[in-house]
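Peer 1: My questions all concern the structure below.
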Amino acid sequence: MTFLLPTATSTDARIRGARVAILPVGSFEQHGEYLPLVTDTVVACLIAERLAADYRLFLLPPITISCSHEHARFAGTVSITARTLMAVIEDIDESLQASGVENLVIVNGHGGNYALRNVVQQATTVRPRMALFPASEDWNTARADAGCKTGSHEDMHGGEIEVSLLLHGAPQLLREGYQTADHEANDRPDLLTVGMRGYTASGIIGRPSLGSAEKGAAVLDSLSRSFARVHKLLEP
(Lines give C-alpha, C1' and ligand atoms only; values in the text may rest on other atoms or scores of the structure.)
Protein backbone atom coordinates (compact mmCIF):
# COMPACT_ATOMS: atom_id res chain seq x y z
CA MET A 1 0.00 0.00 0.00
CA THR A 2 2.58 2.52 -1.15
CA PHE A 3 -0.05 5.26 -1.40
CA LEU A 4 -0.08 5.49 2.40
CA LEU A 5 3.57 5.36 3.45
CA PRO A 6 6.64 6.78 1.68
CA THR A 7 9.51 4.32 1.34
CA ALA A 8 12.44 6.71 0.76
CA THR A 9 15.65 6.24 2.74
CA SER A 10 17.68 8.96 4.44
CA THR A 11 20.09 8.83 1.52
CA ASP A 12 17.22 9.34 -0.92
CA ALA A 13 16.09 12.41 1.02
CA ARG A 14 19.62 13.82 1.12
CA ILE A 15 20.13 13.38 -2.62
CA ARG A 16 16.78 14.92 -3.43
CA GLY A 17 17.60 17.93 -1.27
CA ALA A 18 14.03 19.20 -1.30
CA ARG A 19 13.33 22.68 0.04
CA VAL A 20 9.60 21.98 0.40
CA ALA A 21 8.01 19.15 2.39
CA ILE A 22 4.51 17.89 1.69
CA LEU A 23 2.31 16.46 4.44
CA PRO A 24 -0.92 14.58 3.66
CA VAL A 25 -3.62 15.00 6.30
CA GLY A 26 -6.56 12.62 6.14
CA SER A 27 -9.06 11.29 8.65
CA PHE A 28 -10.46 8.08 10.07
CA GLU A 29 -14.19 8.46 9.63
CA GLN A 30 -17.25 6.83 8.16
CA HIS A 31 -17.77 6.98 4.41
CA GLY A 32 -20.95 4.96 4.19
CA GLU A 33 -21.15 1.22 3.68
CA TYR A 34 -18.89 0.94 0.64
CA LEU A 35 -15.96 3.34 1.11
CA PRO A 36 -13.30 2.69 3.78
CA LEU A 37 -12.79 4.71 6.95
CA VAL A 38 -9.40 5.78 5.55
CA THR A 39 -10.88 7.34 2.39
CA ASP A 40 -9.75 10.90 3.17
CA THR A 41 -6.27 9.70 4.07
CA VAL A 42 -5.97 7.79 0.80
CA VAL A 43 -7.17 10.83 -1.16
CA ALA A 44 -4.64 13.09 0.57
CA CYS A 45 -1.85 10.56 -0.04
CA LEU A 46 -2.68 10.16 -3.72
CA ILE A 47 -2.51 13.92 -4.21
CA ALA A 48 0.64 14.34 -2.11
CA GLU A 49 2.43 11.48 -3.89
CA ARG A 50 1.63 12.98 -7.28
CA LEU A 51 2.82 16.46 -6.28
CA ALA A 52 5.98 15.11 -4.64
CA ALA A 53 6.86 13.27 -7.86
CA ASP A 54 6.02 16.16 -10.19
CA TYR A 55 7.73 18.89 -8.15
CA ARG A 56 10.47 16.96 -6.30
CA LEU A 57 9.09 17.58 -2.82
CA PHE A 58 9.95 15.78 0.43
CA LEU A 59 7.01 13.43 0.95
CA LEU A 60 6.00 12.86 4.58
CA PRO A 61 3.81 10.05 5.95
CA PRO A 62 0.17 11.00 6.53
CA ILE A 63 -1.65 12.16 9.59
CA THR A 64 -4.45 9.60 9.64
CA ILE A 65 -6.71 10.81 12.46
CA SER A 66 -7.96 14.38 12.53
CA CYS A 67 -11.09 16.43 13.30
CA SER A 68 -14.10 14.32 12.29
CA HIS A 69 -16.51 15.37 15.00
CA GLU A 70 -19.40 15.83 12.57
CA HIS A 71 -19.25 12.05 11.99
CA ALA A 72 -19.08 11.10 15.67
CA ARG A 73 -22.38 9.22 15.75
CA PHE A 74 -21.32 6.80 13.00
CA ALA A 75 -19.49 3.59 13.86
CA GLY A 76 -15.75 3.59 13.28
CA THR A 77 -15.15 7.33 13.38
CA VAL A 78 -12.24 8.49 15.55
CA SER A 79 -11.21 12.12 16.11
CA ILE A 80 -8.64 14.28 17.82
CA THR A 81 -9.27 17.85 18.92
CA ALA A 82 -8.50 20.83 16.75
CA ARG A 83 -5.88 22.00 19.24
CA THR A 84 -4.13 18.62 19.05
CA LEU A 85 -4.11 18.68 15.25
CA MET A 86 -2.70 22.21 15.26
CA ALA A 87 -0.01 21.23 17.77
CA VAL A 88 1.04 18.21 15.71
CA ILE A 89 1.36 20.31 12.56
CA GLU A 90 3.37 22.94 14.42
CA ASP A 91 5.69 20.29 15.88
CA ILE A 92 6.26 18.73 12.46
CA ASP A 93 6.97 22.15 10.99
CA GLU A 94 9.46 22.94 13.74
CA SER A 95 11.24 19.63 13.22
CA LEU A 96 11.45 20.20 9.47
CA GLN A 97 12.99 23.61 9.98
CA ALA A 98 15.59 22.13 12.31
CA SER A 99 16.59 19.74 9.52
CA GLY A 100 16.82 22.53 6.96
CA VAL A 101 13.45 22.21 5.24
CA GLU A 102 11.78 25.57 5.82
CA ASN A 103 8.67 25.29 3.65
CA LEU A 104 5.66 23.01 4.13
CA VAL A 105 2.63 22.13 2.05
CA ILE A 106 -0.32 20.56 3.85
CA VAL A 107 -2.52 18.45 1.58
CA ASN A 108 -5.87 18.27 3.31
CA GLY A 109 -8.16 15.38 2.41
CA HIS A 110 -10.88 16.14 4.96
CA GLY A 111 -13.11 19.20 4.74
CA GLY A 112 -13.74 19.28 8.48
CA ASN A 113 -10.15 20.21 9.30
CA TYR A 114 -10.94 23.91 9.58
CA ALA A 115 -8.08 24.45 12.03
CA LEU A 116 -5.50 23.89 9.31
CA ARG A 117 -6.34 27.29 7.83
CA ASN A 118 -5.35 28.97 11.08
CA VAL A 119 -2.09 27.05 11.25
CA VAL A 120 -1.12 28.22 7.77
CA GLN A 121 -2.15 31.82 8.36
CA GLN A 122 -0.14 31.97 11.58
CA ALA A 123 2.95 30.50 9.91
CA THR A 124 2.97 32.95 6.99
CA THR A 125 2.84 36.32 8.74
CA VAL A 126 6.50 37.05 7.88
CA ARG A 127 6.82 35.31 4.50
CA PRO A 128 4.97 32.67 2.47
CA ARG A 129 6.52 29.47 3.84
CA MET A 130 3.47 27.25 4.36
CA ALA A 131 0.44 26.45 2.20
CA LEU A 132 -2.80 24.50 2.39
CA PHE A 133 -3.68 22.63 -0.79
CA PRO A 134 -5.97 22.09 -2.63
CA ALA A 135 -7.94 25.31 -2.19
CA SER A 136 -11.63 25.25 -3.03
CA GLU A 137 -10.82 26.90 -6.36
CA ASP A 138 -8.39 24.09 -7.18
CA TRP A 139 -11.04 21.47 -6.45
CA ASN A 140 -13.56 23.35 -8.62
CA THR A 141 -11.10 23.51 -11.50
CA ALA A 142 -10.30 19.82 -11.12
CA ARG A 143 -13.98 18.90 -11.18
CA ALA A 144 -14.48 20.88 -14.37
CA ASP A 145 -11.35 19.48 -16.02
CA ALA A 146 -12.42 15.93 -15.16
CA GLY A 147 -15.96 16.38 -16.43
CA CYS A 148 -17.57 15.81 -13.05
CA LYS A 149 -21.32 16.34 -13.02
CA THR A 150 -21.55 17.43 -9.38
CA GLY A 151 -20.18 20.43 -7.53
CA SER A 152 -18.43 20.49 -4.18
CA HIS A 153 -21.54 21.43 -2.18
CA GLU A 154 -23.71 18.71 -3.70
CA ASP A 155 -20.88 16.18 -3.64
CA MET A 156 -19.92 16.67 0.00
CA HIS A 157 -19.00 13.22 1.31
CA GLY A 158 -18.36 9.84 -0.28
CA GLY A 159 -19.56 10.98 -3.68
CA GLU A 160 -18.38 11.36 -7.24
CA ILE A 161 -14.92 12.83 -6.72
CA GLU A 162 -13.82 10.60 -3.83
CA VAL A 163 -15.02 7.46 -5.58
CA SER A 164 -13.27 8.56 -8.76
CA LEU A 165 -9.96 9.05 -6.96
CA LEU A 166 -10.26 5.66 -5.26
CA LEU A 167 -11.18 3.95 -8.53
CA HIS A 168 -8.09 5.45 -10.11
CA GLY A 169 -5.57 5.03 -7.29
CA ALA A 170 -6.87 2.34 -4.93
CA PRO A 171 -9.79 0.45 -6.50
CA GLN A 172 -9.29 -2.52 -4.19
CA LEU A 173 -10.58 -0.42 -1.28
CA LEU A 174 -14.04 0.12 -2.77
CA ARG A 175 -16.81 -2.36 -2.08
CA GLU A 176 -19.56 -3.19 -4.51
CA GLY A 177 -22.76 -1.31 -3.85
CA TYR A 178 -21.46 2.25 -4.07
CA GLN A 179 -23.19 2.51 -7.45
CA THR A 180 -26.60 2.65 -5.73
CA ALA A 181 -25.62 4.72 -2.67
CA ASP A 182 -26.46 8.22 -3.98
CA HIS A 183 -28.00 10.57 -1.43
CA GLU A 184 -28.90 14.25 -1.81
CA ALA A 185 -28.93 16.74 1.06
CA ASN A 186 -28.09 20.14 -0.38
CA ASP A 187 -29.64 22.12 2.48
CA ARG A 188 -27.43 21.70 5.56
CA PRO A 189 -27.71 24.93 7.56
CA ASP A 190 -27.09 23.34 10.97
CA LEU A 191 -24.35 20.85 10.11
CA LEU A 192 -22.01 22.07 12.85
CA THR A 193 -24.73 21.58 15.46
CA VAL A 194 -26.45 18.36 14.39
CA GLY A 195 -23.62 16.70 12.47
CA MET A 196 -23.94 14.43 9.45
CA ARG A 197 -26.62 12.35 11.14
CA GLY A 198 -28.95 15.31 10.75
CA TYR A 199 -28.80 15.00 6.97
CA THR A 200 -27.95 11.42 6.04
CA ALA A 201 -28.68 8.00 7.49
CA SER A 202 -26.19 6.22 5.22
CA GLY A 203 -23.30 8.62 5.81
CA ILE A 204 -23.15 9.62 2.14
CA ILE A 205 -23.99 13.05 0.76
CA GLY A 206 -23.30 12.98 -2.94
CA ARG A 207 -23.48 10.76 -6.00
CA PRO A 208 -20.89 7.99 -5.86
CA SER A 209 -22.56 6.32 -8.84
CA LEU A 210 -20.99 8.96 -11.09
CA GLY A 211 -17.42 8.07 -10.13
CA SER A 212 -14.93 6.66 -12.64
CA ALA A 213 -11.23 5.91 -12.77
CA GLU A 214 -10.86 8.23 -15.75
CA LYS A 215 -12.25 11.15 -13.76
CA GLY A 216 -9.92 10.32 -10.88
CA ALA A 217 -6.88 10.44 -13.16
CA ALA A 218 -8.04 13.73 -14.65
CA VAL A 219 -8.57 15.22 -11.18
CA LEU A 220 -4.97 14.41 -10.21
CA ASP A 221 -3.67 15.84 -13.48
CA SER A 222 -5.59 19.06 -12.89
CA LEU A 223 -4.47 19.40 -9.28
CA SER A 224 -0.86 18.94 -10.32
CA ARG A 225 -1.21 21.78 -12.82
CA SER A 226 -2.88 24.01 -10.24
CA PHE A 227 -0.12 23.34 -7.73
CA ALA A 228 2.40 25.18 -9.91
CA ARG A 229 0.98 28.42 -8.48
CA VAL A 230 1.63 27.30 -4.90
CA HIS A 231 5.06 25.90 -5.69
CA LYS A 232 6.12 29.22 -7.16
CA LEU A 233 5.14 31.00 -3.94
CA LEU A 234 7.14 28.65 -1.74
CA GLU A 235 10.14 28.03 -3.99
CA PRO A 236 10.53 31.02 -6.35
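The values are calculated or read from the model by the stated rules, or taken from the named source; none is laboratory data. These figures come from a predicted structure and were not determined experimentally. Reconstructed Cβ throughout: ideal geometry from the backbone, glycine too, with neighbour counts over all protein chains shown. The accessibility values were calculated without ligands, DNA or RNA, using every heavy atom of the protein model including side chains. Shrake-Rupley method; radii C 1.70, N 1.55, O 1.52, S 1.80 Å.
Peer 1: Determine ³J(HN,Hα), in whole Hz, for all residues of segment 203-211 in sequence, where each value follows from phi through the Karplus function 6.51 cos²θ - 1.76 cosθ + 1.60 and θ = phi - 60°; x replaces Gly and Pro.
Peer 2: Listing the rounded values in order: x, 9, 10, x, 10, x, 4, 8, x Hz.
Peer 1: Just flag the GluC sites (Glu not before Pro) in segment 101-205 sitting in loop per DSSP whose Cβ has no more than 11 other Cβ atoms within 10 Å. Could the numbers behind the result be given before it?
Peer 2: Working: sites: E102, E137, E154, E160, E162, E176, E184; in loops: E102, E154, E176, E184.
Counting only loop positions with at most 11 other Cβ atoms within 10 Å, the GluC sites (Glu not before Pro) in segment 101-205 are E176.
Peer 1: Using a ≥ b ≥ c from the Cα gyration tensor of segment 40-124 (square roots of the eigenvalues), is it rounded, prolate or oblate, where a/c under 1.5 gives rounded and otherwise the larger of a/b and b/c decides, a/b for prolate? It would help to have the intermediate numbers written out before the result.
Peer 2: Values: a/c = 2.29, a/b = 1.41, b/c = 1.62.
Oblate is the answer for segment 40-124, as a/c is 1.5 or above yet b/c matches or exceeds a/b.
Peer 1: Quick one: what are the phi-derived ³J(HN,Hα) couplings along segment 27-34, Karplus 6.51/-1.76/1.60 with θ = phi - 60°, whole Hz, x for glycine and proline?
Peer 2: For segment 27-34, the Karplus curve yields 6, 10, 8, 4, 9, x, 7, 10 Hz.
Peer 1: Suppose all protein chains stay in the model; what accessible area per residue would a 1.4 Å probe give for segment 135-231, in Å²? Let's see the in-between values first.
Peer 2: Details: 4500 Å² over 97 residues.
Ligands and nucleic acids excluded, the result is 46 Å² per residue.
Peer 1: Does anything in segment 71-99 have its amide N under 12 Å from the 7 Å Cα→Cβ label point of N118, and if so which residues?
Peer 2: Correct set: 81-87.
Peer 1: Also, quick follow-up: Within segment 1-156, what whole-number % of the accessible surface is contributed by carbon and sulfur, with the 1.4 Å probe and all protein chains included in the calculation?
Peer 2: Details: 3950 of 7450 Å².
Of all accessible area on segment 1-156, carbon and sulfur atoms account for 53 percent.
Peer 1: Could you state the number of Å between the C-alpha centres of segment 213-230 and segment 123-199?
Peer 2: 14 Å
Peer 1: Whose amide H sits under 5 Å from the amide H of S66, counting only residues 5 or more places off or on another chain, with H placed in the peptide plane?
Peer 2: Counting only residues 5 or more places away or on other chains, the set is F28, I80.
Peer 1: Hey, what do the phi angles of segment 220-226 turn into as Karplus ³J(HN,Hα) couplings, whole Hz, using 6.51/-1.76/1.60 and θ = phi - 60°, x for Gly and Pro?
Peer 2: Karplus-based 3J(HN,Hα) across segment 220-226 equals 5, 4, 5, 5, 5, 5, 5 Hz.
Peer 1: Take every Cα pair under 8 Å in the chain that's 6+ residues apart, average their separations, divide by the length, and report that relative contact order as a whole percent. Walk me through the numbers on the way to the answer.
Peer 2: Details: 451 pairs, mean separation 54.3, N = 236.
With pairs under 8 Å counted, the relative contact order is 23 percent.
Peer 1: Classify segment 90-236 from the C-alpha gyration tensor, please: rounded if a/c falls under 1.5, else prolate or oblate depending on whether a/b exceeds b/c. Present the calculation step by step, with values, prior to reporting the outcome.
Peer 2: Details: a/c = 2.25, a/b = 1.59, b/c = 1.41.
Judged from the Cα gyration tensor, segment 90-236 comes out prolate (a/c at least 1.5, a/b above b/c).
Peer 1: Restricting to the chain, what percent of DSSP beta bridges are antiparallel, rounded to 5? Walk me through the intermediate numbers first.
Peer 2: Working: 4 of 17 bridges.
The antiparallel fraction comes to roughly 25 percent.
Peer 1: Once a ≥ b ≥ c are taken as the square roots of the eigenvalues of the Cα gyration tensor of segment 90-164, is the result rounded (a/c under 1.5), prolate (a/b larger than b/c) or oblate (a/b not larger than b/c)? List each step's numbers first, then the result.
Peer 2: Details: a/c = 2.66, a/b = 2.51, b/c = 1.06.
Judged from the Cα gyration tensor, segment 90-164 comes out prolate (a/c at least 1.5, a/b above b/c).
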